[in-house]
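Enquirer: Shown below is the structure under consideration.
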């Protein structure tokens, strides 16, 4: 970049250069950061607590939760464009999934949606990963392995319980 006598910054990078990519990634990161704040903390409430438009939109039956989830997925897509690792993206998608799944429950889900703030959590994950890529990547991978192992154990336990119930039903019937 050059700074001419006028004081204006002139970008001398060729289109598609590393400098342009970094500028684009920073712009995307700033845009999704603003969007996440809008969705999760834009509206101050008495007592110092803040909610966002995600919680308000979620109150609309049927389409509110879907609209909020789509905006959250847009933020995750922006994180990918900003250079987030696969492990970080998976953790972000888990946050969106948890918020969407529990948020779909009437009333209780809406309250959870206002408190969980998946978009703010996702921006923290993205900012940590981009600021300290090696440390966060290792921690994300460990957490993903733990989540995977716990999920596998849960599904094996659920399968065992289902089989035991079916066997008990057959024994009771026959």
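The values are calculated or read from the model by the stated rules, or taken from the named source; none is laboratory data. Note that this is a predicted model, so its numbers are computed, not measured. Ideal geometry is used to build each Cβ from the backbone, glycine not excepted, and the neighbour counts take in all protein chains shown.
Enquirer: All but one of (1) under 25 Å from residue 146 (Cβ atoms); (2) loosely packed, with under 14 Cβ neighbours inside 10 Å; (3) at pLDDT 90 or above hold for residue 72; which doesn't?
Expert: Tallying (1) under 25 Å from residue 146 (Cβ atoms); (2) loosely packed, with under 14 Cβ neighbours inside 10 Å; (3) at pLDDT 90 or above, residue 72 fails exactly one: (2).
Enquirer: Let me ask you something else. Being closer than 19 Å to residue 76 by Cα, assigned to a helix (DSSP H, G or I) and free of Cβ contacts under 8 Å to residues at least 40 places away in the same chain narrows it down to one of 143, 128, so name that one.
Expert: 128
Enquirer: Just to be sure before I move on: is residue 100 farther than 28 Å from residue 26 by Cβ and part of a helix (DSSP H, G or I) in the structure I sent?
Expert: For residue 100, the condition - farther than 28 Å from residue 26 by Cβ and part of a helix (DSSP H, G or I) - is met.
Enquirer: So which residues in region 115-145 are at pLDDT below 90, surrounded by 16 or more Cβ atoms within 10 Å (Cβ to Cβ) and under 17 Å from residue 26 (Cα atoms)?
Expert: 129, 130 - these are the residues of region 115-145 that are at pLDDT below 90, surrounded by 16 or more Cβ atoms within 10 Å (Cβ to Cβ) and under 17 Å from residue 26 (Cα atoms).
Enquirer: In region 35-77, how many residues are assigned to a helix (DSSP H, G or I) and closer than 27 Å to residue 108 by Cα?
Expert: Number of matching residues: 26.
Enquirer: For residue 83, are the conditions met, namely being surrounded by fewer than 20 Cβ atoms within 10 Å (Cβ to Cβ), in contact (Cβ under 8 Å) with a residue 24 or more places away in the chain and not in a helix (DSSP H, G or I)?
Expert: The answer is yes for residue 83.
Enquirer: Consider residue 27 against the criteria (1) touching a helix residue (DSSP H, G or I) at 6+ places or on another chain (Cβ under 7 Å); (2) at pLDDT 85 or above; (3) more than 26 Å from residue 112 (Cα to Cα): it satisfies all of them except one. Which criterion is unmet?
Expert: Checking residue 27 against (1) touching a helix residue (DSSP H, G or I) at 6+ places or on another chain (Cβ under 7 Å); (2) at pLDDT 85 or above; (3) more than 26 Å from residue 112 (Cα to Cα), the one that fails is (1).
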